[in-house]
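Participant: Below are the structure tokens for one structure; questions will follow.
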Amino acid sequence: MNLMTILLEVQPGYGAIGASLAAIGAGIGIGQIGKGAVESIARQPEATNDIRATMILAAALVEGVALLAAVAGLLAVFR
């Protein structure tokens, strides 16, 4: 059984729930990344640029995964 078969068997309402959970999870994840970055910069102000670059990369990865999950959920809604 492949991913498309699983997505097509999901009821339409569940796809919307999955898309919303992906958005909520991304918001929580990016919030945690920002919190950690601010705490790290407060401890080591001289490493601000390195911490900022790492924070942006991690936030982009979280956002990318959340976008894919939201698209998969919305595909299940509009099949």
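Participant: Treating only the Cβ atoms of Lys and Arg (+1) and Asp and Glu (-1) as charged, compute the dipole magnitude of region 34-79 about its Cα centre; round to the nearest 20 debye. Don't skip to the answer; put the middle values down first.
Facilitator: Values: 4 positive and 4 negative charges, 41 e Å.
Taking the Cα centre of region 34-79 as origin, the dipole is about 200 debye.
Participant: Order 31-39, 14-22 from most to least packed using the mean count of other Cβ atoms within 10 Å.
Facilitator: Details: 31-39: 13.1, 14-22: 16.2.
Listed from highest to lowest mean packing, they are 14-22, 31-39.
Participant: Quick one: the Cα spread of the chain along its three principal axes, in angstroms, biggest first?
Facilitator: Computed over the Cα atoms, the extents are 52, 19, 17 Å.
Participant: Where the only charges are on Cβ atoms (+1 Lys, Arg; -1 Asp, Glu), what is the dipole of the chain about its Cα centre, to the nearest 20 debye? Spell out each step's value before the answer.
Facilitator: Values: 4 positive and 5 negative charges, 22 e Å.
Dipole about the Cα centre, nearest 20: 100 debye.
Participant: With unit charges on the beta carbons (Lys and Arg positive, Asp and Glu negative) and the dipole taken about the Cα centre of region 34-79, which residue among LEU74, LEU61, GLN44 sits farthest to the positive side?
Facilitator: The one lying farthest along the dipole's positive direction is LEU74.
FYI, it's all coordinate maths here, none of it is from the lab. Computed from a prediction, not measured in an experiment: that's the story for all the values here. Methodologically, a virtual Cβ is constructed for each residue, glycine included, from the backbone with ideal geometry; neighbour enumeration extends over all protein chains shown.
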